[in-house]
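The values are calculated or read from the model by the stated rules, or taken from the named source; none is laboratory data. Everything numeric in this text was worked out from a predicted model, so none of it was measured. Glycine also receives a Cβ, built like all others from the backbone with ideal geometry; neighbour counts cover every protein chain displayed. To get the accessible areas, we keep the full protein, side chains included, count just its heavy atoms, and leave off ligands, DNA and RNA. Shrake-Rupley method; radii C 1.70, N 1.55, O 1.52, S 1.80 Å.
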Amino acid sequence: MQLKKTLGITLLFFAVCILTTSLSENFLSSYNLENLLRRTALFGIISIGVAFVIVTGGIDLSVGSVVCLSGCGLPWLLTTQGWSLPSALMAVALVSAGIGLLHGLLITRLGIQPFVVTLCGLMMYRGIARGFTGDQTVGFGDGFKGLRSLATGRIELPFIDDFALPAPCVFLLVIALLAAFFLNRTIYGRYLLALGRSEEAARYSGINTGCMTVLAYIICSCLAGLGGVLFVLDVNIAQPSDCGNFYELYAIAAAVLGGCSLRGGVSTIFGVIIGAALMQTLRNMITLTSRHQHMEFAIIGAVLLAGVVADELMKRRNIRRRAVRALREESTPA
Amino acid sequence: MDISAPLLEARNLVKTFPGVRALKGVSLTLHRGEVLAVIGENGGGKSTLMKSLAGVQPADSGEILIDGRPAEVASVPDALARGIALIHQELNLADNLDIAANLFLGREKSRFGTIDKPAQYRAARPLLEAVGLDADPAALVSTLCIGQQQQVEIAKALSLNARIIIMDEPTSSLTTRESEKLFKVIRDLRSKGVGIVYISHRLVEVMDLADRVTVLRDGANAGNLEKSEISHEAMVRFMVGRDVSRFYPQKSGKLGDPVLEADDLRSPAHPQHGLNFTIRAGEIVGLSGLVGSGRTEMMQTLFGITPATGGRLRISGNSLVPQTPMEAINVGIALVPEDRKKQGVVLEMAVSENLSLASLRRDQNAALINRRAENDLCSEMIGKLRIKTPGGKQPAQFLSGGNQQKVVLGKWLAMRPRVLLLDEPTRGIDIGAKQEIYQLMEQLAADGVAILFVSSEMEELLGMADRVLVMHEGRMAGELAGIGLSEESVMHLATGGCHSTSKSTCN
């Protein structure tokens, strides 16, 4: 069932991989693959966060700015302000969770549309980051090698010589397993899926829908915060005006490609990861062939649109088929 | 034009929705200057038939003839071009615009590309006069009461030169006075040769107004009555298709202790009226009243959706005014809500997931879903309630209305409620499932559950309830039982009349 839902996107992903291989011999080089995996893992983490919000029928446009806030905030606290590592990490985590809590409360208590709340967030958090850094690039310089290995580290695999697994993949794997377990095996995951499909029916079944919605936004912002930290650890420097720009769109696109309906409800974590991988592979393909750099967004947009249209057509066909079958069964006595 | 041919003739209309065959070959004939009443139980196919005739949801097959000639009615503009106008149960007016703007919506009178308001106002006046609406065409629709808004709708139909006007339950939210005004308009239109299809389940109105009656049952023609044949008994016989007294299960009659006691309970919708009533274990109490009388609001207050603003509530002797549905559920209250598809089931979720939605919290250890318990519950309820589904994994949206409602009931049966609230439990479901739901209600009552149900169907109310509470404009207008309980006495209270033997005072 889960596999069937993500079959289309998985096939598309492989098709893009094969196409890229044929266009550039560098694609399958271990250096490129490691980079691609690292990017996929980083984007996968923030995409899973966004998927939680989309499951509830909401949207979070502030993800890229939260990435910026935590990505600039951590080096700024550590190097400029001289905070200790544990307190700086704690501060970043608390701010990220606080942002999600704020979004959730504004949306559920005051009834403001998620789009509006998180649009304001999109502007505010980057602005704040540019403010406290004085719009100057922040980074770790030569320090914090141990910490940075969380993102830059490579895990040697047995029997494979020149390829190592980038460390962020481990983060992604753990988060994905936890997220899938939460959504499919716990009652709270079930509540999230139910309220995403029908908030009212969930409320009439005694589910505290407000509380669950807030939880989804907190998860989203926390994963965005974690993503920001990993991004900055990976590249070592962060420029407040640029860090995390448009990442919310990559994350939303990955979640949608992965089968999340913006009307809420459906989700498979595996699909979201494949979605993120597809986006990064497309970018990689464009970089490698390097003839159409400036066409990046056009190509990604077109692929996203094609994927969504194909998905909708498939869904319609399924519904029609099922309806006909249901009717046939109804008219014959049980 | 063939004058002898009927104005409108529908032959063998069939309309299918996912999971339901709403029309199974329905025919009707309407002549000029005639009021044809179309009646039938909810779910009988009346509204679907009207939507097919007006092009809102064209029929899958069948023929529509106007003046004896085949006419294609594939869309609303088609229908309007052929002189067919539908006046919906829910009015379709833009209430932020004035009356004239609504009348000419989509075909504004313009000068140099701008709307010519004076011309619209001039053109609106005779139309409003024709429907007996004494209002300024420049008045905002939001300032009109429901009855007046309906008159605007009719005026709009007239402005389109409609020769066939279909009215879907036009009096469902009108007061008696407003209804009488409407009847006068309808008689005027009739005398001008307009054909009117009048859908209602208020049989008293039908006897008063109709020249002929067509009865639908289960999406098919159940019978036709000429003027001389129209009587209450004849209509009910066709509608129900069997003897009414045997349609509803026998009552057991044993009543236990009070389970639900409301004392001066105030719902946020009508905080000025405190509600008082008691329901005993094993009792089935009906709640009647016109649309907007506060019935649904009271149910939602009892269930904690819109928490009470004042008063006391006792459940099995314990005082508690639920502030959330969860609190209500915890003390044993369950609500089968009015809007099944929005509030009752999660359409895209599987039957099994819908059935377990309320009981997950209680049944599962820690936060994990126990798949086996969920499946057991599912097969138990599918068997017990005879839910027709290919399996527990089927999404609820592919079930028929009656089976969806059984899923909602199953969800609450799993919670073993002490108080079962049902808001229009049989709206839009077929007659077989209806009877099963009635039997289930009786059986639950026999097991000691206190049941309160809202119904707009008089037959159902009188057939099922031991006692009927009647609401009018947010207050409890009275309580009827035994010999004092009749269609007339309920309607009398529901429309604001006083009842000499009612317990509540009327002031």
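Of all beta bridges that DSSP places with both ends in the protein assembly as shown, some 60 percent have antiparallel geometry. A protection proxy built from the mean count of other Cβ atoms within 10 Å ranks the segments A:199-205, A:251-257, most packed first, as A:251-257, A:199-205. Among A:F159, B:F238, the sequence by solvent-accessible area, most first, with a 1.4 Å probe is A:F159, B:F238. Axis angle, to the nearest 10 degrees, between helix B:146-159 and the longest C-alpha principal axis of chain B: 30 degrees. Calculated mean residue ellipticity, 222 nm, the protein assembly as shown: -15500 deg cm²/dmol, from DSSP H runs (n ≥ 4) at -39500 (n - 2.57) each, averaged per residue and rounded to 500.
Protection proxy ranking of B:423-436, B:257-270, A:226-239, by the mean of other Cβ atoms within 10 Å over each peptide's residues and highest first, is A:226-239, B:423-436, B:257-270. Within the full protein context, the accessible area of B:V490 is estimated at about 0 Å² for a probe radius of 1.4 Å. Counted by Cβ distance under 12 Å from A:T108, the other residues give a net charge of +1, where Lys and Arg count +1 and Asp and Glu count -1. Each part gets one Cα centre, and for region B:421-436 versus region A:28-104 those centres are 51 Å apart.
Per-residue mean of foreign Cβ neighbours for A:203-216 is 6 (Cβ atoms of other chains, 10 Å radius).
With the dipole of region B:330-392 worked out from charges on the C-beta (+1 for Lys and Arg, -1 for Asp and Glu) around the Cα centre, which of B:V346, B:I333, B:T389 lies farthest toward the positive end? My answer, from the dipole projection, is B:T389. With Rh defined as the Kirkwood radius, the inverse of the mean 1/r over Cα pairs, the Rg/Rh of region B:341-416 is 0.94. Neighbouring Cβ atoms from other chains, within 10 Å of the Cβ of residues in B:156-164, number 0 on average.
For region A:2-331, the Cα-based Rg and Dmax, in that order, read 20.5, 74 Å. Region B:439-480 to region B:322-392: how many Å between their Cα centroids? That distance is 24 Å. Solvent-accessible surface of protein heavy atoms, probed at 1.4 angstrom with all chains present, puts A:W83, A:W76 in the order A:W83, A:W76, largest first. Of B:K46/B:K406; B:K15/B:K109; B:K117/B:K181; B:K184/B:K342, which ones are farther than 26 Å apart at the Cα? Pairs exceeding the cut-off: B:K15/B:K109; B:K117/B:K181; B:K184/B:K342.
Once the Cα atoms are used to define both axes, helix B:176-191 deviates from the longest principal axis of chain B by about 30 degrees.
Each Lys and Arg adds +1 at its Cβ and each Asp and Glu adds -1 at its Cβ; summed about the Cα centre, chain A shows a dipole of about 1180 debye. With respect to chain A, whose longest principal axis is taken over its alpha-carbon atoms, helix A:269-289 is tilted by about 50°. Taking every residue in A:190-199 and counting other chain Cβ atoms within 10 Å of its Cβ, the average works out to 5.
Spatial offset of region B:78-116 relative to region B:21-40 amounts to 26 Å, using the alpha carbon center of each. If a/c stays under 1.5 just call it rounded; otherwise compare a/b with b/c (prolate if a/b is bigger, oblate if not). Do that for region A:76-142, with a ≥ b ≥ c from the square roots of the Cα gyration tensor eigenvalues. Because a/c hits 1.5 or more and a/b fails to exceed b/c, region A:76-142 counts as oblate. Could you work out the local net charge near A:M279, counting Lys and Arg as +1, Asp and Glu as -1, over the other residues with Cβ closer than 11 Å to its Cβ? Local charge sum for A:M279: +1.
Bridges between two residues of chain B, per DSSP, are antiparallel at a rate of about 55%.
Solvent exposure of B:R69, expressed as accessible area, is near 140 Å², computed with a probe of 1.4 Å over the protein chains only.
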